[in-house]
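Step one of this worksheet: look at the structure below.
The values are calculated or read from the model by the stated rules, or taken from the named source; none is laboratory data. These numbers come from a predicted model, not from an experiment. Please note: Cβ atoms are built from the backbone with ideal geometry, for glycine as well, and neighbour counts cover all protein chains shown. Ligands, DNA and RNA are stripped out before the accessible areas are found, and what is left, the full protein with its side chains, is counted by its heavy atoms. Shrake-Rupley method; radii C 1.70, N 1.55, O 1.52, S 1.80 Å.
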Amino acid sequence: MNSNNPFFKSKSFTESARNTADTTHEAVIIDYNQTMTVSGTINKSFLMLILLIASAAITWTMTYNGQNPIVLTIGGAIVGLILVLIATFRPQNSGFLAPGYAIFEGLFIGGISSIFEIMYPGIVIQAVSCTFVTFMVCFGLYKYEIVKVNDKFRSVVIAATLAIATYYLISWLLAMFTSFQPVHYGNSMMSIGISAFVIVVAALNLFLDFDQIEKGVQNKLPKYMEWYGAMGLMITLVWLYIEFLRLLSKLSKK
């Protein structure tokens with residue numbers, strides 16, 4: 001059960017499933033309230049979304065009040081990444097790591113969104129709308145089994161995501177230490193095409209996330225895996241939103 005999401009890519013789901021399986025050999029009755037459920041994961045995802053929006057409002061408001069939220073914006077991104085890494089190795093602590101991620105990532109989202117909004121008025125609501133529509137379409141396609149997640153599907157999406165991550169990392173390092181100008185910078189047709197491709201791959205990640213959560217429920221993973229699954233889904237949505245911001249900004253320059 002692999003996914004390119006940093007959470008679902010780890011062994012946490014597999015190990016939790018194995019531990020649960022070992023436990024079920026000892027006891028026939030499983031307490032439903034102590035195992036992962038779809039409804040529980042959805043509720044926690046909504047809670048994380050509320051926390052993210054609330055914290056995003058802080059840096060957003062600071063920008064429009066003439067204050068510079070750069071410290072909170074960068075700090076939020078760094079702390080959010082640290083919490084993701086910790087949760088990857090300690091999913092049992094997701095109960096407080098996931099809400100913490102939502103809060104700190106919200107500071108980053110609010111700061112970066114305000115910058116884009118000042119440069120391109122109206123772009124944030126467009127990016128939010130595109131992200132929401134993409135999520136609903138992918139969810140519908142998965143729910144009604146129009147798109148089925150199999151091993152080949154996983155392999156293709158994971159390979160594409162790793163390629164994107166490698167390209168972004170190398171481009172960032174070259175741009176930092178040399179005069180190299182990455183292809184995805186600017187508003188050329190090539191740059192727009194790359195952004196569109198990345199958005200497609202990010203959207204495909206949603207199918208892997210849905211499938212991983214469903215399998216977690218089927219395997220009766222521990223209750224804390226609801227937070228873990230919700231956090232993984234939130235990571236994909238944040239990535240998708242940022243990529244929509246980038247694409248729409250490039251199209252606004254045309």
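Couple of notes before you dig in:
- Exactly one residue out of GLN92, GLN126 is under 23 Å from LEU248 (Cβ atoms) and open to solvent by 50 Å² or more (accessible area, probe 1.4 Å), and it is GLN126.
- All positions within segment 235-254 that are under 12 Å from the mean Cα position of the chain (by Cα) and open to solvent by 10 Å² or more (accessible area, probe 1.4 Å): ILE235, LEU237, VAL238, TRP239, TYR241, ILE242
- The set of residues in segment 34-82 being surrounded by fewer than 22 Cβ atoms within 10 Å (Cβ to Cβ), in contact (Cβ under 8 Å) with a residue 60 or more places away in the chain and closer than 16 Å to SER113 by Cα consists of LEU49 alone.
- Contacts under 6 angstrom Cβ, first residue in segment 108-119 being in a helix (DSSP H, G or I), partner open to solvent by 40 Å² or more (accessible area, probe 1.4 Å), 6 or more apart: GLY110/TRP60; SER114/TRP60
- Residues within segment 136-158 that are under 17 Å from the mean Cα position of the chain (by Cα) and open to solvent by less than 50 Å² (accessible area, probe 1.4 Å), tallied: 4
- Residue match in segment 96-107 (condition: among the acidic types (Asp, Glu) and either at negative phi or open to solvent by less than 60 Å² (accessible area, probe 1.4 Å) (or both)): yes
- Residues of segment 211-224 that turn out to be assigned to a helix (DSSP H, G or I) and surrounded by fewer than 22 Cβ atoms within 10 Å (Cβ to Cβ), as a count: 5
- All positions within segment 187-199 that are open to solvent by 10 Å² or more (accessible area, probe 1.4 Å) and more than 14 Å from the chain's Cα centre (by Cα): ASN187, SER188, MET189, MET190, ILE192, GLY193, ILE194, ALA196, PHE197
- Pairs with Cβ under 7 Å, 6+ apart, first in segment 158-175 and of a type in the set (D, E, K, R), second surrounded by 15 or more Cβ atoms within 10 Å (Cβ to Cβ): none
- Test: residue in segment 233-252 that is out of contact with any Phe, Trp or Tyr (no Cβ under 6 Å at 6 or more places or on another chain), of a type outside the set (A, V, I, L, M, F, W, C) and closer than 14 Å to GLY40 by Cα: no
- Only one entry of VAL238, VAL201, VAL183 meets the criterion of being of a type in the set (Val, Ile, Thr), closer than 25 Å to ILE118 by Cα and at pLDDT 95 or above, and that entry is VAL238.
- Among the residues of this structure, LEU169 counts as one that is open to solvent by 90 Å² or more (accessible area, probe 1.4 Å), modelled with pLDDT under 95 and over 27 Å from ASP211 (Cα atoms).
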